[in-house]
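Data first, discussion second: the structure below is written as structure tokens.
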Protein chains: 2
Amino acid sequence: MIPFGNPLLDPFEDSAVSDYERLFEVFGIQPLAPVLSSFPVRHKYLDIGLAFGHRDIEPILKAIKENQPFAVMSGIKPSNQYHMGSKKIADAVIYFQRQGAFAFYCIADIEAYEVNGIKPDDSKQTAIDNVTDLLALGLDPKRAFIYRQSKRSSVHNLAFQLAGRVPMSLMAATYGERPFGYYLASIVQAADILLPQTEEFGGPRPTVVPVGADQDPSIRLARDLSVRFHRQLRFVKPSALIFKLTRSLDQSKMSKSKSETCLFLSEDPEAAKNKVANSMTGGQPTTREQRSLGGNPDRCPVYETMIHVPKTTTQGLVALRDQCRSGRTLCGECKELCADLLVGFLNKHREQRAKYLSLAQYVVEEGAFG
Amino acid sequence: MIPFGNPLLDPFEDSAVSDYERLFEVFGIQPLAPVLSSFPVRHKYLDIGLAFGHRDIEPILKAIKENQPFAVMSGIKPSNQYHMGSKKIADAVIYFQRQGAFAFYCIADIEAYEVNGIKPDDSKQTAIDNVTDLLALGLDPKRAFIYRQSKRSSVHNLAFQLAGRVPMSLMAATYGERPFGYYLASIVQAADILLPQTEEFGGPRPTVVPVGADQDPSIRLARDLSVRFHRQLRFVKPSALIFKLTRSLDQSKMSKSKSETCLFLSEDPEAAKNKVANSMTGGQPTTREQRSLGGNPDRCPVYETMIHVPKTTTQGLVALRDQCRSGRTLCGECKELCADLLVGFLNKHREQRAKYLSLAQYVVEEGAFG
């Protein structure tokens, strides 16, 4: 698929990463472990290791501690509904917002068009659904700027400006050989990442971008461009908090295109329950082996699902992991626990969604909010 | 400069074309001569051969004859003032407007940024100057849409849409290996050319684009994209009227960057007079040789300047050409005639400019008018 450039990370296709440590060496992603104790507010995603790496997170931690202005920026390609992977990123945006960040959230409908051929008009309903989830998860709309790429002229113009200093060699090295539209979507994404630092939004300041590892190429591009435009626009290098890819229930990367093994936030709780029941696990083939050898929670989509459910805590998850590893818990029990927690969450989330649907409709119809 | 692709025509740099006939073979530009008699309204630019080629001009001629809706579209990169080359294109836009076309005129400030590094804010004054010239030359603002690329969200979104079906191979074949920003400017230009056919402006219809030969690659790209999007957007292939490049007074292509050999429309008439006096000509080195061998008006910037001056007619120009070729006119006489005509035009044009400056300021400040 990619004749050269990044062999491991592909922001456009479903990437599968088995060895996250290699990303430290190959791409210079920094490991999160050494800075974990410096986070002023702990989060189970950090402690359990869903987030595994970062790029220059220190200015963000400093801004939090010193109560200085900073931004959190992320977004979604409105090609399908929220799944656990999209939720994880939204949760991270909310996490930083609650620690003082002004939040930017981009509906990447230009990317949905360039990569998936879905026209902005046709991704509008999905965008509304996505924004409803984002708000239902707890993003404070009063301290956020939510916008559609296709409707935001200032993003277009920033993208046009950034494009002026992009050699094709940089694009090819970052993304491999791609159609023109993919490159264009990447430049627009770099503009999204740098938008919080424009004069329109108060000028240069630390910005943290929570992303899945497959989006790291876009972080690298935005960071590279921030340097190329530092003198002119005074941009500082954006920071990133980098997450492992969310596994689907068949242990591949969770992909919106494989709905049978993907947990959506707006789906019927009973259907979700069935998906968990049919999920693969990290367990042994027989009860006997499970009791004697123990399971592997690090490879278990059911365990991973439980990390995503709001009710679980780091402490509980660590205990469950130990029980699994020692063979004290069987997969059936674990699936039941997971299904219960999940149904509880989905029911509550559905109620929350009802409260925010109209605001989400307004945001998407208007093109932006904040 | 260009390792592959079009060896002759470069829309980004100053091209020099010595053999226009080769463009018929190499690029499939169609010769104008065979269709010249089908133009309902003659024009000296056609008759004298400033326009030498076309692409699919027939639907335009048919629309004029049958009084059907059609559009004329062109523009300028606001990197410098109007010179005789920009005037020629503006005259062509006005020519088609007077025959029923709705006129679109684009201030290509995104291209000025990508190619020349001039930010839209910094090209605003030049844009005002350009639009003032356009209106002073006679464009009817009531039947025109004049806009700045950077301010026109619908152009951005059309460009984003077009980009989705552009293989990099097409860009490389059309423009050679270029920085990303050049490609982006080209896609935006294709969007400009197809804008008249969008729903916003009444849907598909014949559109003629008067351009200098060096811009033919962009015509090819826009035509290619119109086919790729025909099913979806119903675009018809845009037509083009293709002009020879305007020679500067030292016989290279007239370039805005060489002000000493370039005639600007807003310049001081006395300075213009001096430029003509110092101009190269198509004449012989001595009076004696001129009398016996005759001059070469086809290679003479002074003769070419006289084509541009509004007062001259086809008949007068043909007579002058014959006199030059037969050695009856000397370069000095011709320069004097040219300088007088030019000063007359520039003085009158200055008066016209004064009338339209405020409207041009309004158009550029607002980003669009029409």
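Just so you know, all these numbers are worked out from the coordinates, no wet-lab data involved. Source: prediction; values computed, not measured. Counting neighbours? That spans all protein chains shown, and the Cβs are built from the backbone with ideal geometry, glycine included.
Normalise the Debye intensity by I(0) for region B:262-303, one equal point scatterer per Cα, no solvent, then take log10 at q = 0.20, 0.21, 0.31 Å⁻¹ and round to two decimals.
Calculated log10 I(q)/I(0) at the listed q: -0.67, -0.70, -1.02.
If you take each beta carbon of peptide A:105-116 and count the beta carbons of other chains within 10 angstrom, what is the mean?
Mean partner-chain Cβ count within 10 Å for A:105-116: 2.
Which of the GluC sites (Glu not before Pro) across region B:36-131 are loop residues per DSSP, with 11 or fewer other Cβ within 10 Å?
B:Glu66
Along each of its three principal axes, how wide is the spread of alpha-carbon positions in region A:120-266, in whole angstrom units, largest first?
Per principal axis, max minus min of the Cα coordinates gives 48, 39, 31 Å.
Rounded to the nearest Å, what's the spacing between the alpha carbon centres of region A:177-225 and region A:119-146? Just the number, please.
19 Å
For B:Ser169, place a label point 7 Å from Cα along the Cα-to-Cβ direction in every copy; what are the distances to the other copies, in nm, shortest first?
Listed shortest first, these distances are 2.5 nm.
Any idea what the B:Val227 label distances to the other copies are, label 7 Å down the Cα→Cβ vector, nm, shortest first?
Output for B:Val227: 4.3 nm, nearest copy listed first.
Hey, in the GNM for chain B with a 10 angstrom Cα cutoff, which one of B:Asn130, B:Asn67, B:Asn116 fluctuates hardest?
B:Asn67
What list of ³J(HN,Hα) couplings, whole Hz, do you get for region A:200-216 from phi and the Karplus terms 6.51, -1.76, 1.60, once you set θ to phi - 60° and write x for glycine and proline?
Values per residue, Gly and Pro as x: 3, 10, x, x, x, 6, x, 9, 10, 10, x, 9, x, 4, 5, 8, 4 Hz.
Can you compute the radius of gyration and Dmax for chain A, using only the Cα atoms, both in Å?
Cα-based Rg and Dmax for chain A come out at 20.2, 66 Å.
Scan chain B and report its longest stretch carrying no trypsin sites (Lys or Arg not before Pro) that are both in a DSSP loop and have at most 16 other Cβ atoms within 10 Å.
Between exposed loop sites, the widest span is B:43-233.
Between A:Phe201 and A:Asp322, what FRET efficiency follows from the Cβ-Cβ distance if R0 is 41 Å, with the result rounded to 0.05?
Approximately 0.35, to the nearest 0.05.
Taking K and R as +1 and D and E as -1, what net charge do the other residues with C-beta under 13 Å from the C-beta of B:Arg148 add up to?
-2
Taking the alpha-carbon centroid of each part, what is the distance from region A:250-328 to region B:273-311 in angstrom?
With region A:250-328 and region B:273-311 each reduced to a Cα centre, they are spaced 86 Å.
Does the protein assembly as shown come out rounded, prolate or oblate by the C-alpha gyration tensor, with a ≥ b ≥ c the root eigenvalues, rounded set by a/c under 1.5 and, if not, prolate when a/b is larger than b/c and oblate if not?
In terms of gyration-tensor shape, prolate.
Once the label point is placed 7 Å from Cα along Cβ, list for A:Asp19 the distances to the corresponding points in the other copies, in nm, shortest first.
A:Asp19 label point versus its equivalents elsewhere: 5.9 nm.
Evaluate region B:259-354: find the radius of gyration of its Cα atoms, find its Kirkwood radius, and give the ratio Rg to Rh.
Rg/Rh for region B:259-354 comes to 1.00.
Provide the net charge surrounding B:Pro210, with neighbours chosen by a C-beta distance below 9 Å and charges set as Lys +1, Arg +1, Asp -1, Glu -1.
Around B:Pro210, the surrounding residues sum to 0.
Looking only at region A:138-179, which residues have a backbone nitrogen under 19 Å from a spot 7 Å from the Cα of A:Glu13 in the C-beta direction?
A:171-179, by backbone N distance to the label point.
What residues qualify as long-range amide H neighbours of A:Asp10, i.e. H under 5 Å apart, gap of 5 or more or another chain, H built at 1.01 Å from N?
Counting only residues 5 or more places away or on other chains, the set is A:Ser15.
What fraction of the Cα pairs in region A:195-347, stated in percent, has a spacing above 19 angstrom?
Across region A:195-347, Cα pairs with separations above 19 Å total 62 percent.
Any idea which of A:Val131, A:Leu184, A:Ile57 is furthest toward the positive side of the dipole for region A:20-247, if Lys and Arg beta-carbons carry +1 and Asp and Glu beta-carbons -1?
A:Ile57
Name the long-range amide H neighbours of A:Ala103: under 5 Å, sequence gap of 5 or more, or other chain; modelled H, no Pro or chain starts.
Amide H neighbours of A:Ala103: A:Val72, A:Ala144, A:Phe145.
Could you work out, residue by residue across A:168-175, how many beta carbons of other chains sit within 10 Å of that residue's beta carbon, and then give the average as an integer?
Going residue by residue through A:168-175 and averaging, the value is 3.
Computed from the mean reciprocal separation of all distinct C-alpha pairs, what Kirkwood hydrodynamic radius does region B:179-263 have, in Å?
The answer is 14.4 Å.
So, counting K/R as plus one and D/E as minus one, what does the shell of residues with Cβ under 14 Å around A:Ile242 add up to?
+2
If you place +1 on the Cβ of every Lys and Arg and -1 on the Cβ of every Asp and Glu, how big does the dipole about the Cα centre of the protein assembly as shown come out, in debye to the nearest 20?
Computed about the Cα centre, the dipole is about 500 debye.
In deg cm²/dmol and to the nearest 500, what is the mean residue ellipticity at 222 nm of chain A if only DSSP H runs of at least 4 residues count, each as -39500 (n - 2.57), divided by the residue total?
Calculated from helices alone, the mean residue ellipticity at 222 nm is -14500 deg cm²/dmol.
Which residues does a label at B:Leu36 reach in region B:285-316, if reach means a backbone N under 19 Å from a point 7 Å past the Cα toward the Cβ?
B:296-300, B:303-309, B:312-316
Inside 10 Å of the C-beta atoms of B:149-159, what's the mean count of C-beta atoms belonging to other chains?
4
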